[in-house]
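See structure below.
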Amino acid sequence: MNRRDEIAANLAAVRERIAAACAAVQRHPDEITMIAVTKTYPASDVLHLAALGVREVGENRDQEAAGKAAEVRAAGADVRWHFVGQLQRNKARSVASYADLVHSVDRPALAAALAEAAAKVRDRPLDVLIQVNLDPTAPEVSDPLHRGGVSPGSVAALAELIGKDEALRLRGVMAVAPVNDDAGAAFARLAAVAAGLRADHPNATVVSAGMSGDLEEAIAHGATHVRVGTALLGKRALLG
Ligand SMILES: *Cc1c(COP(=O)(O)O)cnc(C)c1O
């Protein structure tokens with residue numbers, strides 16, 4: 001099978017899974033935006049996905065994403081870029097120049113850096129999500145091994161900061177299910193955090209949750225965006 005056909009078959013299978021997960025909880029597949037996470041895969045795969053109708057693409061490292069976004073743009077494909085990885089402040093300017101939605105804002109200093117960058121390099125505000133750490137045993141952000149995200153109790157304060165900044169637009173929350181936990185229980189906690197956030201920020205309607213292994217649980221608990229890599233493109237050779 002050539003690569004295009006392989007991706008097309010994987011895409012059909014993922015769309016089936018999303019449809020079945022929606023049917024199981026009386027949701028409509030139109031409520032779910034699938035983001036193809038293309039990290040470690042070449043721009044040519046993004047072009048295959050675009051030709052197959054996928055418009056939302058995710059990356060987790062600026063160095064890789066910046067070049068890929070430029071290549072895809074040069075090839076004339078129209079996709080929206082989601083930045084889903086841990087982000088250092090010194091990459092804010094680069095990410096703000098190509099990303100449509102940054103999923104991984106997890107501290108005030110990063111929000112400030114993105115706001116400053118967005119004001120300089122964009123002609124409209126940058127959409128952002130607050131990444132929530134769903135692991136109740138997790139150390140705080142300063143620990144280099146943490147999987148990212150603010151604790152649920154810190155979301156409101158960070159949201160208030162972001163909400164005051166005209167260069168940013170707070171759109172919702174994102175999370176990764178903890179490795180040693182039941183994904184459904186974790187995503188239920190995220191749904192509660194998302195509902196609390198919407199009470200103060202009515203436009204923060206995005207719930208980015210669910211990956212190849214747990215998108216059903218995420219959809220059952222209100223995800224609006226799922227981030228799918230492996231199930232579309234195959235097992236990554238490198239840790240990504
Ligand atoms: C890699 C990645 C994904 C996709 O994971 P798969 O298990 O390959 O579907 C989703 N979200 C984030 C933040 C990622 O880094």
Looking only at the stretch 66-80, decide whether some residue is in contact with a Phe, Trp or Tyr (Cβ under 6 Å, 6 or more places away or on another chain) and under 19 Å from Met211 (Cα atoms). no
If I filter the stretch 76-91 for residues that are over 16 Å from the mean Cα position of the chain (by Cα), within 17 Å of Val54 (Cβ to Cβ) and of a type in the set (A, V, I, L, M), do I get at least one hit? yes
Residue check for Gly210: under 19 Å from Val14 (Cα atoms) and within 12 Å of the ligand (Cβ to nearest atom): yes
Cβ pairs under 8 Å, 6+ apart or interchain, first in the stretch 31-43 and under 21 Å from Thr224 (Cα atoms) and modelled with pLDDT of 95 or more, second among the hydroxyl-bearing types (Ser, Thr, Tyr) and in a strand (DSSP E or B), ordered by first then second residue, are Ile35/Ser208
Residue identified as more than 22 Å from Ala19 (Cα to Cα) and of a type in the set (Gly, Ala, Ser) among Ala188, Ala204: Ala204
Ala96 vs. criteria among the small types (Gly, Ala, Ser), farther than 30 Å from Ala51 by Cβ and away from the ligand (no atom under 16 Å from the Cβ): no
Read through the list (1) surrounded by 20 or more Cβ atoms within 10 Å (Cβ to Cβ); (2) away from the ligand (no atom under 13 Å from the Cβ), then give the number of the only condition that Ala199 fails. (1)
Confirm whether Ala74 is among the small types (Gly, Ala, Ser) and in contact with a Pro (Cβ under 9 Å, 6 or more places away or on another chain). no
For the stretch 216-234, the count of residues that are closer than 13 Å to Arg17 by Cα, more than 8 Å from the ligand (Cβ to nearest atom) and crowded, with 22+ Cβ neighbours inside 10 Å equals 3
Considering only the stretch 47-60, I want to know if a residue exists there that is within 14 Å of the ligand (Cβ to nearest atom), among the acidic types (Asp, Glu) and crowded, with 22+ Cβ neighbours inside 10 Å. yes
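The values are calculated or read from the model by the stated rules, or taken from the named source; none is laboratory data. Keep in mind that what you see is a predicted model, and the values were worked out from it rather than measured. Don't worry about glycine lacking a Cβ; one is built from the backbone with ideal geometry, like all the others, and counts go over all protein chains shown.
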